[in-house]
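The values are calculated or read from the model by the stated rules, or taken from the named source; none is laboratory data. Only a predicted model underlies this, so the values are computations on that prediction, with no experimental measurement involved. Counting neighbours? That spans all protein chains shown, and the Cβs are built from the backbone with ideal geometry, glycine included. When the accessible area is computed, the model is the full protein with side chains, heavy atoms only, and any ligands, DNA or RNA have been set aside. Shrake-Rupley method; radii C 1.70, N 1.55, O 1.52, S 1.80 Å.
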Number of protein chains: 2
Amino acid sequence: MQLDWKQICSPTLILDEEIAKANIAAMVQKSARAGVSFRPHFKTHQSAEIGEWFREMGVNKITVSSVGMAEYFVQAGWQDIFIAFPVNLREHQRLNGMAAQVSLAVLLDSEEAMNGLSEKVFHRLSVWIEIDSGNGRSGMPWDNPRDILKLARRISGGGVHHFAGLMGHAGNTYAARGKSEVLAVHEESLEKMRSVRHLLNQEGVEVHGISIGDTPSCSLADDFSGATELRPGNLVFYDLMQQNIGACEEAQIGIALACPVVAKYPERGELILHGGAVHLGKDFLQGSEGKRNFGHLAWPDGIGWSKSEPNCSLISLSQEHGVAKVSPTMMQKVNIGDLLLVLPVHSCLTADLMGEFTSAASMARGTPIHSMRTRIAGYLNEIARK
Amino acid sequence: MQLDWKQICSPTLILDEEIAKANIAAMVQKSARAGVSFRPHFKTHQSAEIGEWFREMGVNKITVSSVGMAEYFVQAGWQDIFIAFPVNLREHQRLNGMAAQVSLAVLLDSEEAMNGLSEKVFHRLSVWIEIDSGNGRSGMPWDNPRDILKLARRISGGGVHHFAGLMGHAGNTYAARGKSEVLAVHEESLEKMRSVRHLLNQEGVEVHGISIGDTPSCSLADDFSGATELRPGNLVFYDLMQQNIGACEEAQIGIALACPVVAKYPERGELILHGGAVHLGKDFLQGSEGKRNFGHLAWPDGIGWSKSEPNCSLISLSQEHGVAKVSPTMMQKVNIGDLLLVLPVHSCLTADLMGEFTSAASMARGTPIHSMRTRIAGYLNEIARK
């Protein structure tokens with residue numbers, strides 16, 4: 001099977017289904033071996049069709065990052081959904097709507113938020129307490145167990161809602177490099193979660209779940225003792241950021257942006273690609289001497305792309321321009337009007353921006369796979385209402 | 001008139017119509033005074049409805065950055081469109097389609113691209129040569145006039161297409177700080193454009209147009225001698241990046257993202273807002289000691305927002321999280337469930353991500369203003385075809 005590259009005229013997000021399915025299968029198997037549930041984060045792909053691949057491998061509960069995304073996946077038939085983002089009380093009507101239909105879990109880290117929830121949401125929710133085990137973004141500090149206990153009691157002490165457990169996101173693994181650094185962060189974070197649970201148990205508050213799940217930890221660790229569920233999302237596609245951490249190999253990266261070459265500057269070794277900030281997002285890898293890397297370059301190849309070309313990368317992005325620094329070898333081979341594939345730095349943002357995936361399999365069916373993203377889905381609904 | 005802030009439950013892009021219209025009017029008046037055409041870049045707002053505000057002020061030609069965006073504005077009735085991005089030859093069918101209907105201009109900087117265009121596009125195009133006057137992104141180096149002359153002769157020497165003139169984008173003003181630095185870059189760039197035109201004229205190649213137009217130059221300069229048209233886009237909304245350059249005052253910033261407050265950490269002086277990379281984009285202002293600023297914070301106020309609060313800004317963004325460092329004053333006043341307004345660092349990317357604008361005027365009409373972005377429009381078309 002071959003992609004018909006002649007059909008690709010504009011920036012297009014190419015998906016290698018085989019790679020993505022292998023990534024999902026590996027995590028399904030690992031969580032089964034470790035005896036923990038797999039509750040994948042669907043914010044990376046935001047696609048009902050890709051969601052089915054997980055379902056076919058036995059996954060029956062998912063994580064999302066917004067109420068809109070939860071509504072989209074409720075429509076797609078998912079019945080057990082965790083909105084792993086501090087609960088947005090202004091959206092209480094939509095929370096009530098969903099909580100009446102499916103098993104819905106939310107996240108919070110203060111009595112103020114819990115009081116708001118009790119006042120405004122009348123249908124049963126599972127409520128997770130977010131614990132900050134070192135990442136420093138959100139959550140109650142793990143070393144303030146009295147406040148955690150107080151909140152846990154407040155949640156489990158009557159009322160319609162239910163205390164689900166402790167949730168952590170060890171996002172500080174993103175600053176780690178290599179397996180041993182990632183595992184050190186992972187083990188320390190998990191130990192902190194277990195210590196909080198121990199204290200709550202001692203005080204008579206039962207902790208049903210410990211939910212963890214950054215992609216670096218889930219990719220590199222095998223021991224998740226104490227955790228009851230894993231929530232990684234990025235691993236469906238991976239990206240250069242994960243490769244740079246050491247959480248994946250390049251061969252596991254499942255999406256790449258096909259970009260037309262629109263200008264060539266042999267004298268300075270640079271190309272302009274049609275592929276910019278509105279396609280890739282602006283995350284970058286920080287190189288030495290302030291140099292930034294916005295993506296590696298590869299050639300179209302069969303149903304996917306070649307290994308990335310050495311010494312070829314995007315060095316800056318404008319709204320639509322991608323400026324690529326390329327090797328003399330690539331410069332010699334490339335013509336204006338060719339396609340190059342960009343391996344993204346952050347696949348979640350690239351997928352969110354592009355909104356749809358194209359694969360050889362879907363082209364054989366004559367249709368690209370559409371990712372009905374929440375934002376676009378909401379937009380379509382709104383138009384439909386007029 | 002008041003915005004009904006209670007209606008705003010999720011991240012929502014608020015537009016102050018009065019500010020945006022005043023920004024447009026100022027540029028309309030300035031270009032009239034300077035005796036140059038105003039061909040605004042519509043990549044910033046990407047909205048047919050906002051486009052009408054320009055039309056009502058006498059604008060009849062526009063700039064866009066992609067073929068898809070051009071198609072969208074052709075549908076909206078625009079008849080004179082310049083795609084100011086190196087021409088993407090793979091999209092030749094769509095170029096042919098539009099060139100048969102409207103006055104369409106394209107950009108290129110090599111004989112290779114011009115040869116491709118001659119082969120593939122049969123309907124008349126205006127062809128601009130991009131000149132690199134110091135920005136270093138795309139264009140023929142201004143100090144290589146023999147090659148420029150050769151290409152200009154190739155374009156104007158027969159064939160269906162027409163040599164429109166020299167186009168420059170002094171994007172290096174974005175590294176300038178303050179009026180005098182911006183004007184120095186502007187004047188040097190414009191002088192280089194004039195020198196290239198002089199040489200071409202001497203060699204008997206008539207140069208009809210000189211098109212320039214970065215927002216900092218157009219905002220701060222009054223002298224555009226030699227230029228025939230200005231193409232700024234960002235000035236419709238401006239943003240913190242422009243304010244940081246000195247190209248606008250905060251009071252000229254016309255959009256802000258309304259974000260629900262979802263978590264509060266008084267002990268570390270931080271908030272979590274629902275407003276992240278998928279809403280704002282990831283451009284930032286680089287502060288001292290590696291600190292990054294992803295947006296300033298203001299309060300909802302009447303139809304818009306207050307002056308930004310001192311010492312309050314977004315210090316990091318994840319997919320949906322905005323982490324804000326705030327002053328003790330703001331921390332004392334703010335509650336979970338409140339709305340804060342984020343002044344964006346880069347309004348073009350924020351508008352592209354959000355895809356629609358909400359204003360007091362449109363809420364009074366009972367409908368938000370929809371920005372029918374090209375990407376979404378294309379997506380809708382594709383669905384409609386099935």
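Is it true that A:LEU95 is more than 9 Å from every other protein chain (Cβ to nearest Cβ) and surrounded by fewer than 23 Cβ atoms within 10 Å (Cβ to Cβ)?
no
Restricting to the range A:284-298, give me the number of residues that are in a loop (DSSP other than H, G, I, E, B) and modelled with pLDDT of 95 or more.
Residues of the range A:284-298 that are in a loop (DSSP other than H, G, I, E, B), as a first pass: A:284, A:287, A:291, A:294-295.
Next cut, modelled with pLDDT of 95 or more only: A:284, A:294-295.
So the count comes out to 3.
Being more than 14 Å from every other protein chain (Cβ to nearest Cβ) and either crowded, with 24+ Cβ neighbours inside 10 Å or not basic (Lys, Arg) (or both) is the filter here, so list the residues in the range A:114-126 that pass it. It would help to see each step written out before you state the result.
We begin by selecting, within the range A:114-126, every residue more than 14 Å from every other protein chain (Cβ to nearest Cβ); these are A:122-126.
Scanning the range A:114-126 gives A:PHE122, A:HIS123, A:LEU125, A:SER126.
Tell me which residues, restricted to the range B:18-38, are open to solvent by less than 50 Å² (accessible area, probe 1.4 Å) and under 19 Å from B:ALA247 (Cα atoms).
The first filter runs over the range B:18-38 and keeps only residues open to solvent by less than 50 Å² (accessible area, probe 1.4 Å), leaving B:19-20, B:23-25, B:27-28, B:30-31, B:34, B:36-38.
The answer is B:ILE19, B:ALA20, B:ASN23, B:ILE24, B:ALA25, B:MET27, B:VAL28, B:LYS30, B:SER31, B:ALA34, B:PHE38.
Go through the range B:73-91 and give me each residue that's within 13 Å of chain A (Cβ to nearest Cβ) and either of a type in the set (Phe, Trp, Tyr) or within 24 Å of B:ILE131 (Cβ to Cβ) (or both). Give the derivation first.
First pass over the range B:73-91, keeping only residues within 13 Å of chain A (Cβ to nearest Cβ): B:83-91.
The answer is B:ILE83, B:ALA84, B:PHE85, B:PRO86, B:VAL87, B:ASN88, B:LEU89, B:GLU91.
Restrict the check to the range A:278-298 and report whether at least one residue is without any contact (Cβ under 8 Å) to a residue 60 or more places away in the chain, away from every other protein chain (no Cβ under 13 Å) and of a type in the set (Phe, Trp, Tyr).
No, because not a single residue in the range A:278-298 is without any contact (Cβ under 8 Å) to a residue 60 or more places away in the chain, away from every other protein chain (no Cβ under 13 Å) and of a type in the set (Phe, Trp, Tyr).
Which one of these is of a type in the set (Ser, Thr, Tyr) and within 30 Å of B:GLY246 (Cβ to Cβ): B:SER180, B:SER103, B:SER126?
Details: B:SER103 fails: within 30 Å of B:GLY246 (Cβ to Cβ); B:SER126 fails: within 30 Å of B:GLY246 (Cβ to Cβ).
Only one candidate qualifies: B:SER180.
Do we find a residue being among the aromatic types (Phe, Trp, Tyr), more than 25 Å from B:GLY355 (Cβ to Cβ) and without any contact (Cβ under 8 Å) to a residue 40 or more places away in the chain anywhere in the range A:216-224?
Keep residues of the range A:216-224 that are among the aromatic types (Phe, Trp, Tyr), which gives A:224.
Checking which are more than 25 Å from B:GLY355 (Cβ to Cβ) leaves us with A:224.
Filter again for without any contact (Cβ under 8 Å) to a residue 40 or more places away in the chain, leaving none.
Looking for residues that are among the aromatic types (Phe, Trp, Tyr), more than 25 Å from B:GLY355 (Cβ to Cβ) and without any contact (Cβ under 8 Å) to a residue 40 or more places away in the chain, one finds none in the range A:216-224, hence no.
Restrict the check to the range A:325-343 and report whether at least one residue is surrounded by 20 or more Cβ atoms within 10 Å (Cβ to Cβ), more than 13 Å from chain B (Cβ to nearest Cβ) and within 17 Å of the chain's Cα centre (by Cα).
Yes, because at least one residue in the range A:325-343 is surrounded by 20 or more Cβ atoms within 10 Å (Cβ to Cβ), more than 13 Å from chain B (Cβ to nearest Cβ) and within 17 Å of the chain's Cα centre (by Cα).
Could you please find all residues in the range B:194-225 being of a type in the set (A, V, I, L, M) and closer than 19 Å to B:MET140 by Cβ? Please lay out each step first, then the result.
So in the range B:194-225, the residues of a type in the set (A, V, I, L, M) come out as B:196, B:199-200, B:205, B:207, B:210, B:212, B:220-221.
Those that are of a type in the set (A, V, I, L, M) and closer than 19 Å to B:MET140 by Cβ: B:VAL196, B:LEU199, B:LEU200, B:VAL205, B:VAL207, B:ILE210, B:ILE212.
Would it be correct to say that A:ALA105 is within 12 Å of chain B (Cβ to nearest Cβ), crowded, with 23+ Cβ neighbours inside 10 Å and under 20 Å from A:THR63 (Cα atoms)? Lay out the reasoning, then the answer.
On the way: within 12 Å of chain B (Cβ to nearest Cβ): no; crowded, with 23+ Cβ neighbours inside 10 Å: yes; under 20 Å from A:THR63 (Cα atoms): yes.
No: the conditions fail for A:ALA105.
Quickly run through the range B:259-277 and pick out the residues that are open to solvent by less than 40 Å² (accessible area, probe 1.4 Å), within 12 Å of another protein chain (Cβ to nearest Cβ) and over 29 Å from A:SER347 (Cα atoms). Give the steps one after another, and end with the answer.
Taking the range B:259-277 as the starting set, the residues that turn out to be open to solvent by less than 40 Å² (accessible area, probe 1.4 Å) are B:259-263, B:265, B:269-277.
If we keep only those that are within 12 Å of another protein chain (Cβ to nearest Cβ) as well, we get B:259-263, B:265, B:270-277.
Selection gives B:TYR265 alone.
So in the range B:299-324, with the set limited to residues that are assigned to a strand (DSSP E or B) and aliphatic (A, V, I, L, M), which one is nearest to the other protein chains (Cβ to nearest Cβ)? Break it down stepwise before answering.
Taking the range B:299-324 as the starting set, the residues that turn out to be assigned to a strand (DSSP E or B) are B:300-301, B:304-305, B:313-317, B:321-324.
Cutting the leftovers down to aliphatic (A, V, I, L, M) gives us B:314-315, B:317, B:323-324.
Details: B:LEU314: 12, B:ILE315: 11, B:LEU317: 10, B:VAL323: 6, B:ALA324: 12 Å.
Selected residue: B:VAL323.
Can you tell me how many residues in the range B:325-345 are in a loop (DSSP other than H, G, I, E, B) and either in contact with a Leu (Cβ under 7 Å, 6 or more places away or on another chain) or modelled with pLDDT under 95 (or both)?
Residues of the range B:325-345 that are in a loop (DSSP other than H, G, I, E, B), as a first pass: B:326-327, B:334-338, B:344-345.
Then drop every residue that is not either in contact with a Leu (Cβ under 7 Å, 6 or more places away or on another chain) or modelled with pLDDT under 95 (or both), which leaves B:326, B:334, B:336-337, B:344-345.
Looking only at that region, the number is 6.
When the range B:55-65 is examined, which residues are found to be surrounded by fewer than 24 Cβ atoms within 10 Å (Cβ to Cβ) and on the phi < 0 side of the Ramachandran plot? So that I can check it myself, show each step before the final result.
The first filter runs over the range B:55-65 and keeps only residues surrounded by fewer than 24 Cβ atoms within 10 Å (Cβ to Cβ), leaving B:55-61.
Of everything in the range B:55-65, those that are surrounded by fewer than 24 Cβ atoms within 10 Å (Cβ to Cβ) and on the phi < 0 side of the Ramachandran plot turn out to be B:ARG55, B:GLU56, B:MET57, B:VAL59, B:ASN60, B:LYS61.
Has the range A:182-201 got any residue that is touching a residue at least 60 places away in the same chain (Cβ under 8 Å) and open to solvent by 10 Å² or more (accessible area, probe 1.4 Å)? Talk me through it step by step, then tell me what you get.
Going through the range A:182-201, the residues touching a residue at least 60 places away in the same chain (Cβ under 8 Å) turn out to be A:182, A:192-193, A:196.
Now drop any that are not open to solvent by 10 Å² or more (accessible area, probe 1.4 Å), which leaves A:192.
Scanning the range A:182-201, I find at least one residue that is touching a residue at least 60 places away in the same chain (Cβ under 8 Å) and open to solvent by 10 Å² or more (accessible area, probe 1.4 Å), so the answer is yes.
Given the residues A:PHE357, A:PHE284, which is the only one that is among the aromatic types (Phe, Trp, Tyr) and under 27 Å from B:ASN234 (Cβ atoms)? Walk me through how you get there before you give the answer.
Values: A:PHE357 fails: under 27 Å from B:ASN234 (Cβ atoms).
It is A:PHE284.
Looking at A:GLU111, A:GLU130, can you tell me which residue is open to solvent by 50 Å² or more (accessible area, probe 1.4 Å) and acidic (Asp, Glu)?
Numbers: A:GLU130 fails: open to solvent by 50 Å² or more (accessible area, probe 1.4 Å).
Result: A:GLU111 is the single residue among A:GLU111, A:GLU130 that is open to solvent by 50 Å² or more (accessible area, probe 1.4 Å) and acidic (Asp, Glu).
Those residues that are touching a helix residue (DSSP H, G or I) at 6+ places or on another chain (Cβ under 9 Å), within 14 Å of chain A (Cβ to nearest Cβ) and in a helix (DSSP H, G or I), I need them from the range B:1-32; list them, please.
B:LYS6, B:GLN7
Hey, can you tell me all the residues within the range B:33-64 that are part of a loop (DSSP other than H, G, I, E, B) and under 15 Å from B:PHE237 (Cα atoms)? Give the derivation first.
Applying the first criterion (part of a loop (DSSP other than H, G, I, E, B)) to the range B:33-64 yields B:35-36, B:39-40, B:42-47, B:57-61.
Answer for the range B:33-64, where residues must be part of a loop (DSSP other than H, G, I, E, B) and under 15 Å from B:PHE237 (Cα atoms): B:PRO40, B:PHE42, B:LYS43, B:THR44, B:HIS45, B:GLN46, B:SER47.
In this structure, is B:ASP147 out of contact with any Phe, Trp or Tyr (no Cβ under 7 Å at 6 or more places or on another chain), open to solvent by 10 Å² or more (accessible area, probe 1.4 Å) and modelled with pLDDT of 95 or more? Break it down stepwise before answering.
Values: out of contact with any Phe, Trp or Tyr (no Cβ under 7 Å at 6 or more places or on another chain): yes; open to solvent by 10 Å² or more (accessible area, probe 1.4 Å): yes; modelled with pLDDT of 95 or more: yes.
Answer is yes for this residue.
Among the helices (runs of 4 or more DSSP H) contained in the range A:76-166, which hold 3 or more residues that are within 19 Å of B:GLY337 (Cα to Cα) and over 23 Å from the mean Cα position of the chain (by Cα)?
Where helices (runs of 4 or more DSSP H) fall fully within the range A:76-166 and carry at least 3 residues being within 19 Å of B:GLY337 (Cα to Cα) and over 23 Å from the mean Cα position of the chain (by Cα), they are A:92-99, A:111-120.
List, please: which pairs have Cβ atoms under 7 Å, are six or more places apart or on different chains, and start with a residue in the range B:261-274 that is among the basic types (Lys, Arg) and end with one that is part of a strand (DSSP E or B)?
B:LYS264/B:LEU271
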